[in-house]
Amino acid sequence: MVINSVSMMTPPTTVNETNKHSATPYEAQQSFAQSLKNAISEVNAQQIQSDIKTEKLINGGDVDLHDVMITAQKASITLNATMEIRNKAVEAYQEIMRMSV
Amino acid sequence: MDLFGGTISSLENGLSYATLKNKTIANNIANVDTPNYKAKDVSFKQMLNDAQQSSITANRNDVRHFDFSIKQSKPGVYSYENFRARHNGNGVNMDAEQASLAENTIYYNALIDRVNGKLNSLNTVIKGGK
Amino acid sequence: MTIFHSMNTTASALTAQRLRMDVISSNMANVDTTRAKQVNGEWEPYRRKSVTLTAQEGQFSNFLNVAMGKTSKHGVGNGVKVSKINEDTETPFKLVYDPTHVDANEDGYVRMANVDPLKEMVDLISATRSYEANVTVFNANKSMLTKALEIGK
């Protein structure tokens, strides 16, 4: 592949754009919605895990105490994280709504 | 988003190792006077690598066939076939067990401390320092 | 294996050692007993008692699960228990020459209990040492669990 030097004489060659294009607003919205959904389902999964382990603890089952505590903390952290994401998203939305057209 | 990879999961593995080791030490010390009891221990590498089974197992087609894998009863727990047994066949070295106990407790406390630190810092970051 | 598995193990050991100490106390108390029980119409002196300790391995359901390949979660063991209190029938009775004693035989010898106080003291020290070691284990365990409860605080 010959690398052409850029000069003011030669017109800029067009870059082949078939494999990359800036996301359309629809796609951006979809990917954001997707990641939000993922975050929420992950929160749910963590909470369920924490509940399962807590149930085992209550019933005297086969579980380690540090395991229960760590899982509970993880669930709480994931929840906080998702809450913050939601807050930021809502804030961003409100910021945009406040822009005068 | 995987917030909890890497160090936190190794910390968890280390904690399960420490808990299991604590149970074996308690059992060893409880059986210090039992005749023909061989001390048990936990294999560090195996626990940390999450090994499930020993690779050398017998081909058992009948439940009555003995499994001659290295004398393990649980991933990581094995018995010492002690050369130095007391006159009643007991193989527990009390002093070594006490030392192990102290060491294990400190190890466990250290790991808990680290886990706490990491989880708290995650929390702080997420809450934005509020 | 619950979170209290280790505590249960230690508790079983404390119980076993306590029982061993009780047996030793009984032996020491009866060192001069010449009439412990009647055998064929004759009084027999006190026979020394001792305990047999066995390791508790685990419940049957654990073994079953391991055999079926379901889990490999056994093998740590469940502590110790006293399986039997035996009477020492091998050590002979001590013969003491005392013709004035009520239980003296025709030669003037009295059969005394086959308890050796020195041996009992050594046993007692051993039992005490084991008891203390188990208390240490229990405390270590308790501190570990308490520390685990503080995760995230």
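The values are calculated or read from the model by the stated rules, or taken from the named source; none is laboratory data. The model shown is predicted, which means the values in this text are computed figures rather than measured ones. Glycine gets a Cβ as well: all are built from the backbone with ideal geometry, and neighbour counts include every protein chain shown.
Selection of the range A:77-97 for residues being over 16 Å from B:G5 (Cα atoms) and either touching a residue at least 12 places away in the same chain (Cβ under 8 Å) or polar (S, T, N, Q) (or both) yields A:L79, A:N80, A:T82, A:I85, A:R86, A:N87, A:A89, A:Q94. For C:N139, the test of being more than 14 Å from chain A (Cβ to nearest Cβ) and in a helix (DSSP H, G or I) is passed. Taking B:R86 as the residue in question, decide whether it is modelled with pLDDT under 75 and farther than 28 Å from C:S143 by Cβ. In short, no.
Scanning the range C:92-144 for residues that are buried (at least 18 other Cβ atoms within 10 Å of the Cβ) and under 30 Å from B:A110 (Cα atoms) returns C:S130, C:A133, C:N134, C:V137, C:F138, C:A140, C:N141, C:M144. Filter the range B:78-126 for residues that are among the hydrophobic types (A, V, I, L, M, F, W, C), closer than 21 Å to B:S43 by Cα and assigned to a helix (DSSP H, G or I) and give the result. Hits for the range B:78-126 are B:M94, B:A96, B:A99, B:L101, B:A102, B:I106, B:A110, B:L111, B:I112.
Checked against the criteria, C:T146 counts as at the interface with another protein chain (Cβ under 10 Å from one of its Cβ atoms), under 30 Å from B:K118 (Cβ atoms) and of a type outside the set (D, E, K, R).
Considered as a group, the residues in the range C:23-60 that are within 14 Å of chain B (Cβ to nearest Cβ) and assigned to a strand (DSSP E or B) include one that is surrounded by the most Cβ atoms within 10 Å (Cβ to Cβ), and that residue is C:L53.
Only residues that are assigned to a helix (DSSP H, G or I), among the acidic types (D, E) and within 11 Å of chain C (Cβ to nearest Cβ) were counted in the range A:18-75, giving 1. Among the residues of the range A:61-101, the one identified as of a type in the set (D, E, K, R) and touching a Gly at 6+ places or on another chain (Cβ under 9 Å) is A:E84.
Does at least one position in the range A:49-62 carry a residue that is closer than 30 Å to B:Y108 by Cβ, buried (at least 18 other Cβ atoms within 10 Å of the Cβ) and of a type outside the set (A, V, I, L, M, F, W, C)? Within the range A:49-62, one or more residues are closer than 30 Å to B:Y108 by Cβ, buried (at least 18 other Cβ atoms within 10 Å of the Cβ) and of a type outside the set (A, V, I, L, M, F, W, C). When you scan the range C:82-96, do you find a residue that is within 30 Å of A:V68 (Cβ to Cβ), touching a Leu at 6+ places or on another chain (Cβ under 8 Å), within 14 Å of chain B (Cβ to nearest Cβ) and at pLDDT 90 or above, even just one? Scanning the range C:82-96, I find no residue that is within 30 Å of A:V68 (Cβ to Cβ), touching a Leu at 6+ places or on another chain (Cβ under 8 Å), within 14 Å of chain B (Cβ to nearest Cβ) and at pLDDT 90 or above, so the answer is no.
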